[in-house]
Amino acid sequence: MPQTPGSVSRAISEILLSKPVILAALELGVVNYSALARLLKEEVEERLGRRVSDTSVKMAIIRFRDKLAESLAGSKREVLEVIARSSLSLIDDIGLATVRASDPLSLVSKIAKVVPRARFLQLTQGIYTFTIVADMETLERVIEAAGRTLVEAVYRDQAAIVVISPREIITTPGVVAYLTTLLAFNGVNLTQIISAHTDTVFIVQRDDAVKAYRVLCGAINAARYSGKA
């Protein structure tokens, strides 16, 4: 085994912080600690380069759970407060295109000429590309103006769900992580995520739009109910 110095507690902390699904279960208090200890024991031994007992792993998990609960108590309340004060908007029939930006100024100039009547438009600059999210009519005009040879990928049949939040979302860590985790657990794939000040835009397949909207609406309603309890 590789010789890695450290304690069982440190190994457990490193392992669990890399497993968000288990973290969520620990937070909810729905974990069988003995079973989880047996599951993680071999990985702990690999990290430490020595044998460890089931009991030491189990106790390390419980200590980690206690610290997790303490650290999340305040932050989760703040996350739910932001979500409770958020609202949703669904925009249907949009698409997404990624375009190579060998000449960014020229590309932006071309795009600017064809988008004055856009029903929906988001433009994001990467290192080597631009990603344009727009209503389908505008997107086709953008692709034509940019030049189809520069287009890396096009995703049609998309929808945008815009989460409009209070300004506190800018300084509250974990809001987007909370919402994306809920969407992932419900089998919703995100084509793109865009942050625009207090708006968070989730781009999803059109077929998933209603499900995603219901999941996010449920999260907002649950946060509001929890604030009244």
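The values are calculated or read from the model by the stated rules, or taken from the named source; none is laboratory data. These figures come from a predicted structure and were not determined experimentally. Using ideal geometry, Cβ is built from the backbone for each residue, glycine included, and neighbour counts are taken over all protein chains shown.
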Q. So is residue 71 modelled with pLDDT under 90 and touching a Pro at 6+ places or on another chain (Cβ under 9 Å) or not?
A. no
Q) Restricting the search to segment 116-137, which residues are surrounded by 19 or more Cβ atoms within 10 Å (Cβ to Cβ) and touching a helix residue (DSSP H, G or I) at 6+ places or on another chain (Cβ under 7 Å)? A) 130, 132, 134
Q: Could you please let me know if residue 89 is closer than 22 Å to residue 221 by Cα and of a type in the set (Gly, Ala, Ser)?
A: yes
Q) For segment 68-97, what are the residues that are part of a helix (DSSP H, G or I) and either among the small types (Gly, Ala, Ser) or touching a strand residue (DSSP E or B) at 6+ places or on another chain (Cβ under 6 Å) (or both)? A) 69, 71, 73, 74, 75, 84
Q: Can you give me the number of residues within segment 190-223 that are within 16 Å of the chain's Cα centre (by Cα), more than 16 Å from residue 94 (Cβ to Cβ) and free of Cβ contacts under 8 Å to residues at least 24 places away in the same chain?
A: 1
Q) Out of segment 60-77, which residues are touching a residue at least 12 places away in the same chain (Cβ under 8 Å) and either over 20 Å from residue 33 (Cα atoms) or of a type in the set (A, V, I, L, M) (or both)? A) 60, 61, 62, 68, 69, 72, 75, 76
Q: Give segment 13-53 a look and list any residue that's more than 20 Å from residue 66 (Cα to Cα) and part of a helix (DSSP H, G or I), or say none.
A: 42, 43, 45, 46, 47, 48
Q) Would you pick out the residues in segment 98-110 that are touching a residue at least 24 places away in the same chain (Cβ under 8 Å) and either not in a loop (DSSP other than H, G, I, E, B) or not assigned by TED's automatic domain parsing to the domain that holds residue 154 (or both)? A) 98, 99, 100, 104, 107, 110
Q | Among the candidates 14, 81, 42, residue that is out of contact with any helix residue (DSSP H, G or I) (no Cβ under 9 Å at 6 or more places or on another chain) and modelled with pLDDT of 90 or more | A | 42
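Results for (1) in a helix (DSSP H, G or I); (2) over 30 Å from residue 76 (Cα atoms); (3) among the acidic types (Asp, Glu), shown as yes or no for each residue.
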{"site": "112", "(1), (2), (3)": "yes, yes, no"}
{"site": "133", "(1), (2), (3)": "no, yes, no"}
{"site": "153", "(1), (2), (3)": "no, yes, no"}
{"site": "173", "(1), (2), (3)": "no, no, no"}
Q: Hey, can you tell me all the residues within segment 147-165 that are aliphatic (A, V, I, L, M), surrounded by 12 or more Cβ atoms within 10 Å (Cβ to Cβ) and at pLDDT 85 or above?
A: 151, 154, 159, 160, 161, 162, 163, 164
